[in-house]
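Bear in mind these aren't lab numbers, they're just calculated from the coordinates by the rules spelled out. Model, not experiment: these values are computed from the prediction. Quick reminder, even Gly has a Cβ in these numbers, built from the backbone with ideal geometry, and neighbours come from all protein chains shown.
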Amino acid sequence: MKPMDILKTAVTNSFRSKLRTSLTILAIFVGAFTLTITNGLGTGISNYIDTQIAAVGSSNAFTVTKTDTSGTPGSGPQKYDPASRRVAAGGRPGSTALVLAQSDLDAIGRISGITGVSPVTRLSPDYIQWAGHDKYQLSVSPLAGATPQLDAGSGLDEAGSQPQLILPSSYVAPLGFAGEAQAVGQDTVIGITDATGKAHTVTARIAGVQQSALLSAGGAFINKALSTALADAQDTGAPAAAKTTWTAATATFAPSSSRQVQDMKSKLAAAGYTAQTLDDRIGTVRTVINGIIGVLDAFAVIALIAAGFGIVNTLLMSVQERTREIGLMKAMGMGSGSVFALFSTEAAFIGFLGSAIGSAAAIGLGTAVSGALARGPLSDLAGLQILAFAPLSVAAVILLVMAIAFLAGTLPAWRAARQNPIDALRYE
Amino acid sequence: MNTPPPDPSEIGFPMPVPILAARDLTKSYGRGPDRFDALKGVSLTIDRGDSVAIVGKSGSGKSTLMHLLALLDTPDGGTIDVDGTEARSLAGRRLNALRNSMFGFVFQQFFLNPSSSVLENVVLPLKIAGVGAKERRARGMAVLEQLELADKAKNKGANLSGGQKQRVVIARALVNNPQVLFADEPTGNLDTATGRIVEDILFGLNRDHGITLITVTHDHDLAARFARRLFIRDGVLIPTDEEHAA
């Protein structure tokens, strides 16, 4: 029998008992629908995270801190080391962090592959104000090389001497601007208090307005010139030691493969520093989301396995019903292989129908729901399409379902194939 | 009544190879105390163009014998030669191909697919043989034409009378141009008049096309029309029709 004839016959046969086939298809539909939706959720969210990561920082920079070993529980008090200094750190109350000195920065800079080291200065500006309007609190993001997604204006000029900032879009109206376009190019005044309690102001120009994003947390991106100006103002009157110690540093490197990055990380670790890329820091979010998607996928696969038993049942009944027909075809010289192919093709076809319809419905419904969500409850998160359907992953879902259906079809197909024509034709 | 087959050597032809030759066929079903010997050593030869009736009662082993001759089953003992080739030497694909191209089957129960059209039913052996769709259609229509069923080609198998169904079955058996036509009680489900028509078709094929006809029946009136009758009882061939004589 020709493969094309097997396919056609299998398709025709699957429609012989319409109700039975429809119910089986319905069972597969549920599984395929769920799997497509969970997949779409995974694709949608990871697409969004990818754009967010791209928005907040360059991927070729480490945040480096000194590796702190004193936190190990049960290790007892640590011996005092006059070479290390500690400062209070965030996190659990009482926790401290080791500080980096200029010598540390030099040591980090000597690691091969590192192209530049700059200390991360904690800047705590008091307010931002435009043209005598109300003052608003401001926090700044010192992430070097950030490429935030802009609603208006252009990126920061890192090389120039003009202090610049990227204003989060939520500040536009409160500061008194009529619109985002008006804000671009305006000079704002940033207030900052120095170590002695004296207030300073720094004038900064708005280079662009940033789209509201999940990970930016309202901080304004600033360029190097503004960062230096603010740091100078903040450090006025501070003890010299405070000016030359930092809790973290940013180490930049040339674009590298993940292996090279890993290599640099281990070298830094050997030197006593902990280095994290932005991906490392945001990766945990992705891990959690992947975990949730994985659990949802597992439920969908369980539904599909249940549907698989439906296929087994349907086809076993078909084999039973068609005993004589199979016997006749075998008597006419149809090989066992062709009989097996006929029934397993029928199973795969039922799987294809169920999954194609299920995926199509999931894409249709998912796109509508996702669009409604993006306009409604999730409209604050610009660019988030909670469900995104990549053709490749939808095709993978269909293929997976067909594979499950094929597997489910092997038992009935095998029973059909090993049928003896005599048993079918004996009727005395 | 029991005319022996014409001996070819007597009428001046070289001895042809018989189309089917069986020696000492045995076949049992079951094991131990349930063992049932369906055939206990049957030998026969059937020449090309012969018409043979295998006559016997239920349980006599006549259907088992036909299944063995049609290579649908393998004997426990003995050999079958098809056209001079020992069937045991054929396996899998070649056996299937031989069955497909050489034999046609006509059954009492028809075994038509009720949801397919008459034409689709008829061309099933061609489909199995891997013949292309176009040629299938042409050959299917030709054989339906031959059996005066061309107008029914598009009908569903279920919407036919008994006689029409059996003619469709014959058409299906003929579509591959078989050399041997096996029929199992071909008129068993038909009324006398319709049965007569079907008989006439079968004997016409034997007479006009030289197709070897092997029929299993318990109907002595039908058996009487064949050139040869093989009587079988309790798994052995018996020389005369004892039952009928008694």
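Which lysines have a Cα lying under 25 Å from the Cα of A:Lys79, excluding residues fewer than 8 positions away in the same chain?
A:Lys66
In terms of modelled amide H atoms, which long-range or inter-chain residues lie less than 5 Å from the amide H of B:Val216?
Distant-sequence amide H within range of B:Val216: B:Ile54, B:Ala183, B:Asp184, B:Glu185.
Return the single residue from A:Pro148, A:Pro77, A:Pro377 with maximal mean-square fluctuation; model: Gaussian network over chain A, springs between Cα atoms under 10 Å.
Its mean-square fluctuation being the largest, the pick is A:Pro77.
Just to confirm the number: angle between the C-alpha axis of helix B:192-209 and the first principal axis of chain B, 0 to 90 degrees, nearest 10?
Tilt of helix B:192-209: around 80 degrees.
Using modelled backbone amide H atoms (1.01 Å from N, in-plane), which distant-in-sequence or interchain residues come within less than 5 Å of A:Thr193's amide H?
A:Asp126, A:His200
For the pair A:Gln162 and A:Ser256, how long in nm is the line joining their label points, each one 7 Å along Cα→Cβ?
Simple spin-label model gives 3.6 nm for this pair.
Most exposed first by the Cβ proxy, i.e. fewest other Cβ within 10 Å, how do B:Met102, A:Met317, B:Met141 rank?
A:Met317, B:Met141, B:Met102
Near the amide H of A:Ala152, under 5 Å away, which other amide H atoms are found, from residues 5 or more places off or on another chain, if H is placed in the peptide plane?
Distant-sequence amide H within range of A:Ala152: A:Val209.
Can you pull the one-decimal nm distance between simple spin-label points at B:Ser89 and A:Ile289, each 7 Å off the Cα toward Cβ?
Result for the modelled spin labels: 7.1 nm.
Given bins 20 angstrom wide, list per bin the percent of all Cα-Cα distances in the protein assembly as shown, short to long.
14, 29, 18, 14, 16, 8, 1
Using only C-alpha positions, report the orientation-averaged shadow area of the convex hull of the range B:150-246, nm², one decimal.
Computing the convex hull of the Cα atoms and averaging its projections yields 7.7 nm².
What does the charge count around A:Val339 come to, taking other residues whose C-beta lies under 12 Å from its C-beta (Lys +1, Arg +1, Asp -1, Glu -1)?
+2
Counting only other chains, what is the mean number of Cβ atoms within 10 angstrom of the Cβ of each residue in peptide B:125-137?
Partner-chain Cβ atoms within 10 Å, mean over residues of B:125-137: 4.
Rounded, prolate or oblate: pick one for the range B:93-228, where a ≥ b ≥ c are the square roots of the eigenvalues of its C-alpha gyration tensor, a/c under 1.5 means rounded, and failing that, prolate if a/b is larger than b/c, else oblate.
Here the range B:93-228 falls in the oblate category.
What angle do you read, to the nearest 10 degrees and between 0 and 90, between the alpha-carbon axis of helix B:92-102 and the longest principal axis of chain B?
70
With the Cα gyration tensor of the range B:11-240 giving a ≥ b ≥ c as the square roots of its eigenvalues, does the rule (a/c under 1.5 for rounded; else a/b larger than b/c for prolate; else oblate) give rounded, prolate or oblate?
Prolate is the answer for the range B:11-240, as a/c is 1.5 or above and a/b outweighs b/c.
Take every residue in peptide B:94-102, count the Cβ atoms of other chains within 10 Å of its Cβ, and give the average of those counts.
3
Going toward the positive end of the dipole of the range B:11-240, with +1 on Lys and Arg Cβ and -1 on Asp and Glu Cβ, which of B:Phe111, B:Ser43, B:Pro186 do you reach last?
Of the listed residues, the answer is B:Phe111.
Only counting other Cβ atoms within 10 Å, I'd like B:Glu199, A:Glu346, A:Glu158 sorted with the fewest neighbours first.
Lowest to highest Cβ neighbour count: A:Glu158, B:Glu199, A:Glu346.
On a 0 to 90 degree scale, rounded to 10, what angle separates helix A:18-56 from the longest Cα axis of chain A?
20
Only Lys, Arg, Asp and Glu count, each charged at its Cβ (+1, +1, -1, -1), so figure out the dipole size of the protein assembly as shown about its Cα centre, rounded to 20 debye.
Dipole of the protein assembly as shown, to the nearest 20 debye: 400 debye.
Between A:Ala238 and A:Asp380, what length comes free when the chain is fully extended (0.36 nm per residue of separation minus the Cα-Cα distance, one decimal in nm)?
Taking A:Ala238 through A:Asp380 to full extension adds about 47.1 nm, to one decimal.
Run the dipole for the range B:11-240 about the Cα centre, Lys and Arg Cβ at +1, Asp and Glu Cβ at -1, nothing else charged, and hand back the magnitude in debye, nearest 20.
560
Quick one: B:Arg94, B:Arg196, B:Arg31, fewest Cβ neighbours within 10 Å first, how do they rank?
B:Arg31, B:Arg94, B:Arg196
Can you give the FRET efficiency for A:Tyr136 and A:Ser212, using 1/(1 + (r/R0)^6), R0 = 22 Å, r = Cβ-Cβ distance, to the nearest 0.05?
Here the calculated transfer efficiency is 0.90.
Setting aside same-chain residues fewer than 8 positions from B:Lys127, which aspartates and glutamates have a Cα under 12 Å from its Cα?
Partners found: A:Asp5, B:Glu135.
What net charge is computed for the residues neighbouring A:Lys198, neighbours being all others with C-beta under 14 Å from the C-beta of A:Lys198, Lys and Arg scored +1, Asp and Glu -1?
-4
Which shape class, rounded, prolate or oblate, goes with the range A:225-350 when its Cα gyration tensor gives a ≥ b ≥ c as root eigenvalues, a/c under 1.5 marks rounded, and past that a/b bigger than b/c marks prolate?
Since a/c reaches 1.5 and a/b is larger than b/c, the shape of the range A:225-350 is classed as prolate.
Once both labels are modelled 7 Å past Cα along the beta-carbon direction, what's the A:Phe299-A:Leu365 spacing in nm?
1.3
Given a cut-off of 29 Å, name the pairs among A:Lys330/B:Lys134; A:Lys18/B:Lys62; B:Lys62/B:Lys165 whose C-alpha atoms lie farther apart than that in the structure shown.
Flagged as over cut-off: A:Lys18/B:Lys62.
Rounded to the nearest 500, what is the protein assembly as shown's calculated 222 nm mean residue ellipticity when only DSSP H runs of at least 4 contribute -39500 (n - 2.57) each, over all residues?
The helix-only estimate for the protein assembly as shown comes to -14500 deg cm²/dmol at 222 nm.
Taking only C-alpha pairs under 8 Å that are 6+ residues apart, what is the relative contact order of the range B:11-240 in percent?
Over the range B:11-240, the number comes to 29 percent.
Compare A:Gly153, A:Gly237, A:Gly383 in a GNM of chain A, Cα atoms joined below 10 Å, and give the one with the largest fluctuation.
Of A:Gly153, A:Gly237, A:Gly383, the Gaussian network model singles out A:Gly237 as fluctuating most.
Which of A:Ala269, A:Thr252, A:Ser227 sits closest to the plus end of the dipole of the range A:218-279, meaning its Cα is farthest towards the positive end, when Lys and Arg get +1 and Asp and Glu get -1 on the C-beta?
Among A:Ala269, A:Thr252, A:Ser227, the one farthest towards the positive end of the dipole of the range A:218-279 is A:Ala269.
Find the relative contact order for chain A and round it to a whole percent, using C-alpha pairs within less than 8 Å whose residues are 6+ positions apart.
29
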